[in-house]
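The values are calculated or read from the model by the stated rules, or taken from the named source; none is laboratory data. Note that the structure is a prediction, hence the values are computed from the model and not measured. Cβ coordinates were reconstructed from backbone atoms using ideal geometry, including for glycine residues, and neighbour counts include every protein chain displayed. When the accessible area is computed, the model is the full protein with side chains, heavy atoms only, and any ligands, DNA or RNA have been set aside. Shrake-Rupley method; radii C 1.70, N 1.55, O 1.52, S 1.80 Å.
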Amino acid sequence: MGYPLLEENIGRFVCINGTIVEAKGLAGLSLLVPVEDEAVYEVVRVMDGVPLFWEDHQVRLAASIASAGLPYLSPAVMSHETAILLSALGLLEGNVRIVVTETARVLHQRKHFYPPEETYWTGVPIGAMVWSRVQPDRKALRVDYRKAVAEKLAQEGPAGRYFETLLVSGDGRVTEGGRTNAFFVDRAAGVVRTAPDVDVLL
């Protein structure tokens, strides 16, 4: 099942293989056509014009690229292309999505939503769904996964529409969130518990 390389874009410009183009120009619009290529990606939050946890994102993208057998992408190239996109957009706050395939590198500003501060204290409604990542070490574009998560998040729970869904393995273990990491505070033991590394996207 195909997917577009440009998804929920809200920026005027996109970066394709190091070249800045108009998102509504021919090159930009071509990215809306679904492709079947193997693709991995990262989404990076930008605050005050600075990509957060940049080195960590570079390491994870490099691991995804290697796992998928895609061409090597140097950290210098990734940094340069991200910088020129941020400059072209004048982006100070938002999300940048980086997609890598065998023949293309696409960077664009993606639609985002950050929870209001009060939700950190009141909590949010969450659901659960049985799902295990096929290759947890690879942040790959998976249409079936996105569809399953979207369908769950469209549902109403006892406390309202779900904000997030927890992924539960076939044997009933919570591994991670559909769009987030999950951890639990074990107050009795005084520790934070997470799923094993091999089960989740790190």
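Some notes on this structure:
- Between amide H atoms placed 1.01 Å from N, distances below 5 Å from residue 128 occur with 166, all of them 5 or more places distant or on a separate chain.
- Couplings 3J(HN,Hα) for region 82-96, derived from phi with the Karplus relation 6.51 cos²θ - 1.76 cosθ + 1.60 (θ = phi - 60°), are 5, 5, 6, 5, 4, 5, 4, 7, x, 7, 10, 9, x, 10, 10 Hz, where x marks Gly and Pro.
- Distances between placed amide hydrogens fall under 5 Å for residue 94 paired with 46, all partners being 5 or more residues away or on another chain.
- Which of 57, 112 is most accessible, then next, and so on - probe 1.4 Å: 112, 57
- Dividing the Cα radius of gyration of region 134-202 by 2.2 N^0.38 Å, with N the residue count, gives 1.23.
- Note on exposure: 130, 174 ranked by accessible area (1.4 Å probe, complete protein assembly) read 130, 174, with the most exposed listed first.
- Expressed as a fraction of 2.2 N^0.38 Å, the value expected for a compact globular protein of N residues, the C-alpha radius of gyration of the chain is 1.08.
- Nearest-20 debye value, the chain charge dipole, Cβ charges on Lys, Arg, Asp, Glu: 220
- Rounded to whole numbers, the Karplus 3J(HN,Hα) couplings from phi for region 7-23 are 9, 6, 6, 10, x, 6, 10, 10, 10, 10, 6, x, 10, 7, 9, 5, 4 Hz, using 6.51 cos²θ - 1.76 cosθ + 1.60 with θ = phi - 60°, and x at Gly and Pro.
- Helix axis angle, 143-153 relative to the chain longest principal axis, alpha carbon, degrees: 50
- Percentage relative contact order, region 54-202, counting C-alpha pairs under 8 Å, at least six apart: 19
- The label-point distance for residue 143 and residue 45, in a model that sets each label 7 Å from Cα toward Cβ, rounds to 3.1 nm.
- When 156, 8 are compared by accessible surface with a 1.4 Å probe, the order from highest to lowest is 156, 8.
- Of 155, 136, 103, farthest towards positive along the dipole that unit charges on Lys, Arg, Asp, Glu beta carbons give the chain: 155
- Beyond 23 Å in Cα-Cα separation lie the following of the pairs 24/147; 111/147; 111/152: 24/147.
- Additional length obtainable on full extension of the chain from residue 154 to residue 189, 0.36 nm per residue less Cα span: 9.0 nm
- Alpha carbon centroid spacing (whole Å) that separates region 1-28 from region 135-202: 29
- Highest mobility in the GNM of the chain, judged by mean-square fluctuation with C-alpha springs under 10 Å and restricted to 72, 162, 120, is found for 120.
- Using θ = phi - 60° and Karplus 6.51 cos²θ - 1.76 cosθ + 1.60, couplings along region 169-179 (whole Hz; Gly, Pro as x): 6, x, 9, x, 9, 6, 9, 6, x, x, 10
- Relative contact order of region 41-141, defined on C-alpha pairs under 8 angstrom at six or more residues apart (%): 35
- Distances between placed amide hydrogens fall under 5 Å for residue 157 paired with 162, all partners being 5 or more residues away or on another chain.
- Summing charges over neighbours of residue 42, with a neighbour being any other residue whose Cβ is under 14 Å away from its Cβ, gives +3 when K and R count +1 and D and E count -1.
- Estimated from helices alone, the mean residue ellipticity of the chain at 222 nm is -7500 deg cm²/dmol (sum of -39500 (n - 2.57) over DSSP H runs with n ≥ 4, per residue).
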